[in-house]
Amino acid sequence: MQAIKKDVKETINLINQPFRPTYNYSQYGTCFLYGTENQQGVNDVINYNNKDVITVASSGDQYLGAIYYGAKKVDLYDINKLTRYITFLKIAAIKTLSFKDFQSFYLPLTEKAKIQKSFWNLKTLRRLLPSLPSDVGYFWENIMYEFNKKGYGNFILPTSYTNKIEMIQNGMPFYSEEAEYYKLQSLLRKRKYPTFKNCDVFDLPKAFKTEYDIVYLSNILETIVVSEVQNYPFASFSTEDRIEAELLEKVENNIYKLGRENSTIMLNYRANNNIANSTDLFYNCLLFDAQEIPAKAKDNSSKDSSIQTDIVLTYKPKRYNR
């Protein structure tokens, strides 16, 4: 109980902070409501079907994508403890609510980009409590009352471009098509809540004593690179390559041991870019496979709108270790 009370306290601190969202590499930070990765495109590359998967929790969309596309087992990790509550609430909502009720409760924005009055409302939350683990229910009961009094602060950003309906639905059939939503609902109802461990990505082998067919790192490595580069006022491409080389060595010494003989390591997801423009070490290592998929964010004005692809970077150890 002490741990859950600390999580509630830290979340309230995020709600009360001056507006400064932090999607950083920390235990308590701003959470995504929805993912920024095209799971339909990702599945075309790594093929979830009948696989054991370990993936980042984040908004829960990587988990839902894996389940929807037929994964056998999916375990979750995240350095941000609050992603467990986000993910479990979304699972409960899909398991419990009709397609229209889910949209009412979990889509934050109206067509005019205003926050829906029905978004994360207490009445619907109470419908979900019986299906949530008790500690998760305790968390949301306390936090929802804070939202009503003070707003969302830096816990989530409801008005972010990632929460526009077209962005949410792109590459995620179960958010756009009613029949596919109920397909996912049926799959989730047959499962217990996933195992989640709060840990740094490089501590995964200590936290999970098992092996997987797919090890999914999302864009964690790129996030670390960006954070590290900011510490160098006069950073050059050589600085970035050096940082990437150091990270890849840590991945080799830690992450690879999670994979089975025929495993796929999903090393990185790069949004709104193409292979031709990716000149850094990550995308110029002959051991790795870079594949372009349709971009998830096609209307994000902060990125190059002329690039309509994202890149999925993978490594299959068996191919090079015979």
request  = Take the range 132-169 and flag every residue that is open to solvent by 40 Å² or more (accessible area, probe 1.4 Å), under 27 Å from residue 69 (Cα atoms) and modelled with pLDDT of 95 or more.
outcome  = 169
message = Checking residue 56 against (1) more than 15 Å from the chain's Cα centre (by Cα); (2) over 17 Å from residue 188 (Cβ atoms), only one condition comes out false. Which one?
response = (1)
message = Cβ contacts < 6 Å: first residue touching a residue at least 60 places away in the same chain (Cβ under 8 Å), restricted to the range 134-162; second residue hydroxyl-bearing (Ser, Thr, Tyr) and assigned to a helix (DSSP H, G or I), any location; separation 6+ or different chain. Result?
response = 139/85; 143/11; 155/11
request  = Can you tell me which residue among 90, 100 is over 21 Å from residue 134 (Cβ atoms) and basic (Lys, Arg)?
outcome  = 100
query = What number of residues within the range 1-34 are in contact with a Gly (Cβ under 9 Å, 6 or more places away or on another chain), of a type outside the set (A, V, I, L, M, F, W, C) and open to solvent by 10 Å² or more (accessible area, probe 1.4 Å)?
reply = 7
message = One residue is enough: does the range 52-59 have a residue meeting the conditions surrounded by 15 or more Cβ atoms within 10 Å (Cβ to Cβ), in contact with a helix residue (DSSP H, G or I) (Cβ under 6 Å, 6 or more places away or on another chain) and more than 30 Å from residue 290 (Cβ to Cβ)?
response = no
inquiry  = Against the definition (open to solvent by 10 Å² or more (accessible area, probe 1.4 Å) and free of Cβ contacts under 8 Å to residues at least 60 places away in the same chain), how does residue 95 come out, yes or no?
reply    = no
key: Condition broken by residue 151, with the remaining ones in (1) over 28 Å from residue 17 (Cβ atoms); (2) more than 20 Å from the chain's Cα centre (by Cα) satisfied   = (1)
ask   = Looking only at the range 163-210, which residues are among the acidic types (Asp, Glu) and touching a residue at least 60 places away in the same chain (Cβ under 8 Å)?
value = 166, 178, 180, 200
note = Within the range 247-265, residues surrounded by fewer than 16 Cβ atoms within 10 Å (Cβ to Cβ) and in a helix (DSSP H, G or I) come out as 249, 250, 252, 253, 256, 257
query = For the range 110-120, does any single residue satisfy the condition of being under 24 Å from residue 180 (Cβ atoms), hydroxyl-bearing (Ser, Thr, Tyr) and buried (at least 22 other Cβ atoms within 10 Å of the Cβ)?
reply = no
query = Counting only residues that are over 21 Å from residue 298 (Cα atoms), touching a strand residue (DSSP E or B) at 6+ places or on another chain (Cβ under 8 Å) and in a loop (DSSP other than H, G, I, E, B), how many does the range 22-46 have?
reply = 2
ask   = Taking the range 1-21 only, how many residues are part of a helix (DSSP H, G or I), farther than 13 Å from residue 85 by Cα and among the polar types (S, T, N, Q)?
value = 3
query = Yes or no: residue 90 crowded, with 17+ Cβ neighbours inside 10 Å and among the charged types (D, E, K, R)?
reply = yes
inquiry  = Given the criteria of a type in the set (D, E, K, R), within 24 Å of residue 26 (Cα to Cα) and open to solvent by less than 50 Å² (accessible area, probe 1.4 Å), does residue 200 qualify?
reply    = yes
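The values are calculated or read from the model by the stated rules, or taken from the named source; none is laboratory data. This one's a predicted model, so the numbers in the text were calculated from it and none came from an experiment. Virtual Cβ from ideal backbone geometry, glycine too; neighbours counted across all protein chains shown. Ligands, DNA and RNA are excluded from the accessible area calculation, which covers all protein heavy atoms including side chains. Shrake-Rupley method; radii C 1.70, N 1.55, O 1.52, S 1.80 Å.
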